[in-house]
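Working notes, beginning with the structure itself.
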Amino acid sequence: MTRILRVDVVLPVILSLYLLLLDSSVETASEFNPYNVLGVSKSASQTEIKKAYKQLAREWHPDKNKDPGAEDMFIKISKSYEILSNEEKRSNYDRFGQMDENRHPGQAQQGFRHFHDSFYFDESFFQFPRANRDFADSKYMLHYTQYMNDIIPDSFKRPYLIKITSDWCFTCIHIEPVWKEVVQELEALGVGIGVVDVGYERRLANQLGAHRTPSILGLINGKVTFFHYAILKEHLRQFVEDLLPQRLVEKVTDRNYQDFLNSWHEENKPHVLLFDQVPMVPLLYKLAAFTYKDYVRFGYVDQGLTETVNLLQQFNINTYAPTMLLFKENTDKPADIIQAKGMKKQIVDEFISTNRFLIVPRLVNQKLFDELCPVKQFHRRRKYCILLITGADESFTPGNDAFLAFASFNSKEILRFAYVYQKQQQPLCDALLKNKDSMPPQVVILERRNAAGKVLYRAVTGGWNGSEEDKYRLQEQLDLLQKDPSFLNYDAMLPELNNEFASMFLIQWIYSAYDYLTQIIEDILHSNWREMMPLLSLIFSALFILFGTVVIQAFSDPGEEKQPKPKSKEVPKTDNGSASTNSSSRPPKKNFVEVTELTDITYTSNLVKLRPGHINVVLVLTDASKNVLLSKFAKEVYSFTGSLTLHYSFLNADKHREWMDSVLEFAQDSMQVESDEEDADHKVDYTGYVLALNGHKKYFCLFKPVYTGDDLGGRSSDEGGAGGGSRSRSGSREEQPRKHNPRSTSTLQIHHKLDRLGLWMERLMEGTLPRHYIPAWPGLDKITANK
């Protein structure tokens with residue numbers, strides 16, 4: 001009983017103490033509130049936050065406010081503005097509260113809350129070995145927007161080494177010592193470093209293809225490569241070196257150094273020779289060569305080789321320290337030299353950046369023009385570009401050499417010398433040389449005024465031949481220009497320069513394809529299946545389709561493939577048993593032509609109530625010519641049976657001659673000649689006529705029999721086959737002998753009547769035949785011939 005009373009007394013006391021400690025910890029955690037510091041609400045806009053920050057910063061700046069706590073207050077104001085001005089940090093603060101310096105901005109407070117924050121348990125109570133992030137990693141933390149906007153473009157200038165980690169990654173603890181040592185060494189050489197926390201940057205981790213921790217990957221030229229070996233300092237260093245292209249630095253000896261230095265003219269770049277005693281090119285030089293690959297060509301000389309002795313003696317190289325020689329147009333004497341035992345990245349960058357252009361470079365693209373002759377921004381930053389318009393022939397060489405010599409003695413910062421070949425940059429030269437009489441070589445002084453291409457310029461009078469008089473005239477105008485900028489009194493809009501190295505795109509594409517295939521092979525060898533899954537899926541899908549097609553063809557019936565060939569020779573049969581052949585390349589829908597007779601029963605469905613857009617092609621025949629004409633008709637229209645809008649019928653003229661007379665009354669122009677041919681005792685022979693009837697729109701197109709065999713009239717058949725009712729003047733003249741021709745249309749060989757029907761059908765499908773409209777279709781039941 002006493003023990004129970006003691007427990008009842010002690011337990012409330014412990015609980016009260018815990019709640020007091022909880023309140024104090026919450027109060028301490030909420031001491032720093034950026035909204036309270038700036039005096040804005042949580043719904044404040046960026047404009048209000050910025051306004052409040054400027055006002056408080058002026059008030060609490062330590063230089064103006066002598067209050068002892070002004071400095072601390074100013075730090076709080078700056079920190080508050082840093083959080084609230086960044087939408088991502090502000091969102092993280094609103095979600096997670098206090099943001100420590102040693103924690104990722106998106107990281108939640110350590111510990112977790114349950115039961116509506118009634119109880120708070122510190123995870124240190126459970127002694128979990130959580131991998132707390134080192135403070136050194138916090139400055140390398142990458143966000144998705146930062147990666148897309150900054151890191152990827154920067155990867156075209158230097159490689160990046162990125163570590164994938166997370167808060168609960170226990171293996172990450174073991175690689176931290178190696179990682180710190182590698183970062184300290186490679187960052188000093190110019191390698192970019194990044195850290196991605198999978199727990200807070202899941203989108204970026206998916207973008208990189210990182211699905212496990214820890215992972216280390218390299219990024220160069222926007223391409224991601226995973227590290228697959230044991231995490232050792234030597235392996236990581238070699239991994240970064242393998243990321244770089246293999247043709248960055250050329251090995252130079254006594255035999256090839258002249259060719260290397262003399263290639264400045266074709267490549268339009270200065271050349272750097274690196275002298276060192278190690279057999280392999282140091283990583284620092286490779287990284288520098290990658291950074292400045294668009295400006296400078298790099299070569300490496302191994303001082304320990306016997307093949308480089310003459311080269312060392314020629315340039316008097318000190319073998320006890322690394323040396324860099326930079327050559328421009330003069331290959332006999334270096335334009336600049338540095339020599340130091342401890343060659344640092346800063347020294348190399350400064351050395352190359354100040355010498356990245358030739359004395360007189362050739363303008364080969366717009367990028368070089370923008371960097372060499374920048375747009376004017378301030379009065380004190382004027383840059384005048386002295387441009388020589390010349391040619392590539394040997395006749396221009398003396399003038400070009402004289403211009404180079406002139407530029408070598410005028411090394412003022414505000415003057416930039418360059419030259420262009422007129423044939424390669426014709427639009428630019430046309431804009432500057434508006435006078436057609438001005439032929440190269442010419443010298444133009446210009447100043448760029450905006451990025452759109454506007455320039456102020458003036459051409460040097462008298463052209464340029466490289467004589468002393470030309471040099472004196474150019475120097476006089478340059479002196480006048482520095483005194484009076486209004487000397488440039490002409491303006492023009494320059495077009496964008498042509499990229500003269502665009503032809504090298506194919507070579508660059510081949511190199512990129514080679515690197516990509518190499519990466520694929522490496523991923524396959526190291527079983528990086530997760531990253532390779534999309535590519536493998538594509539490859540296997542293509543192979544499945546290919547082999548599936550082959551298998552289907554192999555097991556298919558050989559007779560099925562050969563069956564369509566004899567079809568073109570077979571004679572398709574009509575309903576009455578007549579045969580026809582396919583003479584057209586159009587694919588038929590059936591292997592026969594379905595022709596129905598137009599009678600009193602089928603007349604309404606096949607003509608009067610025919611669906612809109614459908615046409616019934618009707619052949620007119622007699623009992624005597626039925627078999628022959630149906631066979632010929634099927635042959636001519638067989639290639640058009642694939643059309644779903646065409647129907648085929650035949651009409652017996654012996655039974656329905658009056659119906660034909662009634663319909664053809666509305667085609668008087670086509671019947672004019674036939675009416676002249678009629679006698680009192682003879683009627684028109686409709687055998688072989690073909691009507692294309694559109695029952696919905698109430699019009700028809702007419703085809704009349706033609707002569708193709710024994711035609712004494714020559715070309716009288718053309719209009720019948722093509723026009724079906726229209727007749728030219730020449731045709732009307734040829735009808736005169738036709739009256740007295742013993743072989744009239746009634747006695748013609750019947751199988752020749754439909755010779756041109758195929759061409760007429762083509763024009764019917766094209767919609768180019770004459771149309772004869774009729775008010776209403778006459779009925780077959782009311783008009784019947786007397787037998």
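The values are calculated or read from the model by the stated rules, or taken from the named source; none is laboratory data. This structure is a prediction, so every number in the text was calculated from the model and none was measured. Heads up, the Cβs are rebuilt from the backbone with ideal geometry, glycines too, and the neighbour counts pull from every protein chain shown.
Structure data summary
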item	result
Residue that is at pLDDT below 70 and not in a loop (DSSP other than H, G, I, E, B), where the choices are 676, 681, 661	676
Filter result for residue 231 (over 26 Å from residue 349 (Cα atoms), more than 29 Å from the chain's Cα centre (by Cα), crowded, with 20+ Cβ neighbours inside 10 Å and not assigned by TED's automatic domain parsing to the domain that holds residue 397)	no
Per-region count, region 264-317, residues among the aromatic types (Phe, Trp, Tyr) and under 18 Å from residue 357 (Cβ atoms)	4
When residues of region 15-56 are limited to those that are of a type in the set (Asp, Glu) and modelled with pLDDT under 60, the one nearest to the chain's Cα centre (by Cα)	27
Filter result for residue 415 (in contact with a Leu (Cβ under 8 Å, 6 or more places away or on another chain), in contact (Cβ under 8 Å) with a residue 60 or more places away in the chain and under 16 Å from residue 463 (Cα atoms))	no
Top-ranked residue of region 356-381 - restricted to ones that are touching a Lys or Arg at 6+ places or on another chain (Cβ under 7 Å) and either over 20 Å from residue 495 (Cα atoms) or among the charged types (D, E, K, R) (or both), ranked as modelled with the lowest pLDDT	376
Options 240, 196: the member that is under 30 Å from residue 93 (Cα atoms) and either within 34 Å of the chain's Cα centre (by Cα) or assigned by TED's automatic domain parsing to the domain that holds residue 348 (or both)	196
Test for residue 210: is it crowded, with 21+ Cβ neighbours inside 10 Å and within 28 Å of the chain's Cα centre (by Cα)	yes
Some residue of region 370-393 being of a type outside the set (Gly, Ala, Ser), part of a helix (DSSP H, G or I) and surrounded by 19 or more Cβ atoms within 10 Å (Cβ to Cβ)	no
Failed condition for residue 415, given (1) farther than 24 Å from residue 492 by Cβ; (2) among the hydrophobic types (A, V, I, L, M, F, W, C); (3) out of contact with any helix residue (DSSP H, G or I) (no Cβ under 6 Å at 6 or more places or on another chain); (4) surrounded by fewer than 20 Cβ atoms within 10 Å (Cβ to Cβ)	(1)
Only one of 249, 301, 224, 296 that is among the β-branched types (Val, Ile, Thr) and touching a His at 6+ places or on another chain (Cβ under 9 Å)	296
Segments classed as strands (runs of 3 or more DSSP E), wholly inside region 161-244, with at least 2 members that are farther than 21 Å from residue 290 by Cα	192-197, 215-220
Matching strands (runs of 3 or more DSSP E) fully within region 405-480 where at least 2 residues are closer than 20 Å to residue 393 by Cα and assigned by TED's automatic domain parsing to the domain that holds residue 491	415-421, 442-448
